[in-house]
1. With a 1.4 Å probe and all protein chains kept in place, how do T66, T176 rank by accessible area, largest first?
2. Under the definition of Cα pairs under 8 Å and six or more residues apart, what whole-number percent is the relative contact order of the chain?
3. Hydropathy at least 0.5 by Kyte-Doolittle, axial extent at least 15 angstrom from the Cα trace: which helices of the chain, defined as entire DSSP H runs, fit?
4. Mind checking the range 156-234 for GluC sites (Glu not before Pro) that DSSP puts in a loop (not H, G, I, E or B) and that have at most 16 other Cβ atoms within 10 Å?
5. Taking amide H positions as placed in the peptide plane 1.01 Å from N, state which residues far from A150 in sequence (5 or more) or on other chains have amide H under 5 Å from it.
6. Suppose accessible area is computed on protein heavy atoms with a 1.4 Å probe; arrange T285, T12 from highest to lowest.
7. Can you list the aspartates and glutamates whose alpha carbon is less than 16 Å from that of K85, not counting same-chain residues fewer than 8 positions off?
8. Please report the antiparallel percentage of DSSP beta bridges with both residues in the range 116-202, rounded to the nearest 5.
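The values are calculated or read from the model by the stated rules, or taken from the named source; none is laboratory data. As the structure is a prediction and not an experimental result, all values here were calculated from the model. Ideal geometry is used to build each Cβ from the backbone, glycine not excepted, and the neighbour counts take in all protein chains shown. Heavy atoms of the whole protein, side chains included, go into the accessibility calculation; ligands, DNA and RNA do not. Shrake-Rupley method; radii C 1.70, N 1.55, O 1.52, S 1.80 Å.
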Amino acid sequence: MVHYKDLGLVNTREMFAKAFKGGYAIPAYNFNNLEQMQAIIQACVETSSPVILQVSSGARKYANQTLLRYMAQGAVEYAAELGKKIPIALHLDHGDTFELCKSCVETGFSSVMIDGSHLPYEENVALTKQVVDYAHKYDVTVEGELGVLAGIEDDVAAAEHIYTRPEDVKDFVSKTGVDSLAISIGTSHGANKFKPEQCTRNADGVLVPPELRFDILEEIEQRIPGFPIVLHGSSSVPQDLVAVINKYGGALKDAIGIPEEQLRKAAKSSVCKINIDSDGRIAMTAAVREVLHTKPAEFDPRKYLGPARDNLKKIYIHKNINVLGSANKA
Ligand code: G3H
Ligand code: 13P
Ligand code: ZN
C-alpha cells in the first residue's frame, strides 16, 4: 500500500471547499506523458494554481499506472523546485470498476472517479457506494456521475445527452457518500461537441453553439446546496489551433467546443472541477504538425515535442487565468 499523503499529494476535499467559496474551478488536466506533465506543472506553478492530474483507463494502458504515479510524485518535487508548493491531486478519470478504483487507492491516487453513469440508477448507487466505502478508509475522495454525456464516454457511445435529473441528485449523494458529482448539462467529450447545424453564427461569422443547461445546474444546486459539481467534456476547441492543424495537413472537420464564457460562468457557480483533455491534444498536435511540415529534415523528438509542450503550457496558463479563475488560489 502506497498512501498518497506520503507522496506529497492532497485529496480534493479542501480544494473544492475553497473553490466553492471563491467562485472558481480547479483545473483537471489529463496526462499520458512527460511533456504534458511538464506543461501542466509549469503552467500551474507560474499561475499559482491548484491542480488535479488525471489518469484515464486509456492513459493507464498507454503509459502504465505505476510510471504515471511516479510522475505525479515527481511533479510534487518538480513544483517545489520551480519555486512554488501548489496543491496537487492525482485522480483516476472515468474508473469503471471497483477493482480499478481499489488498485488506484492502493498505489497512491488521492482521488478516484467511479463512473456508473451508464448503469441503471440502483446499480450506479451500489457500485459508487462500494467505492466510497473503500476509498474513504484511506481518506481518498470519490467523484460519481449521474446523467450521460453525448459522444464517446468510457468506450460507450451515446447519440444524445441524457441530462442529469435534478430529482435524483440528493438521493444519490446521500446514499453513496460521494465527495463530488459529475453532471450532464450539454458538454461532451472530444473535439466535435456540436454539429454546425446546431449552432448559430454571430456578427463575426463565428459558429456559436447552444447554451449549456444552466437551468438544470441551478435546480441541482437548490437540491444539494454547497455540494461540489464536476463538468466533464469542457474543452473549448480553439479555432486558431484547429486552423494550424488543418493548414499543416490535418483534417479536423467541424470541430466545435464549449465557449469559454460559459465555462467561466460555470466556474463561478457550484462547479468546482472542470475537465479538459481535448484542448491539450489540439495544442500539441498543432505544434507537432507545424514543425514536421516546415522542417521536414527534423528528426529529434525534442524539436517537435518541445514546441508542443510550449503550446500546451500557454493554453493551460490562459485557462487558469481567464476561464477557470484558479490562478493565485494555490
Ligand atoms: O474523458 C476522457 C479523457 O479525455 C481521456 O481520454 O480515455 O482517450 O485517455 P482517453
Ligand atoms: P474534453 O474531451 O472536452 O477535453 O473532456 C475531457 C474529460 O472530460 C476528461 O474526463
Ligand atoms: Zn470525462
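1. The most accessible residue leads, giving T66, T176.
2. Relative CO of the chain lands at 22 percent.
3. Helix filter hits for the chain: 34-46.
4. Working: sites: E160, E167, E197, E211, E218, E219, E221; in loops: E160, E211.
Qualifying residues, ordered by number: E160, E211.
5. Sorted by chain and number, the residues that satisfy this are H161, I162.
6. Listed by decreasing accessible area, they come as T285, T12.
7. Result set, ordered by chain and number: D6, E14, E46, E77.
8. 45 percent
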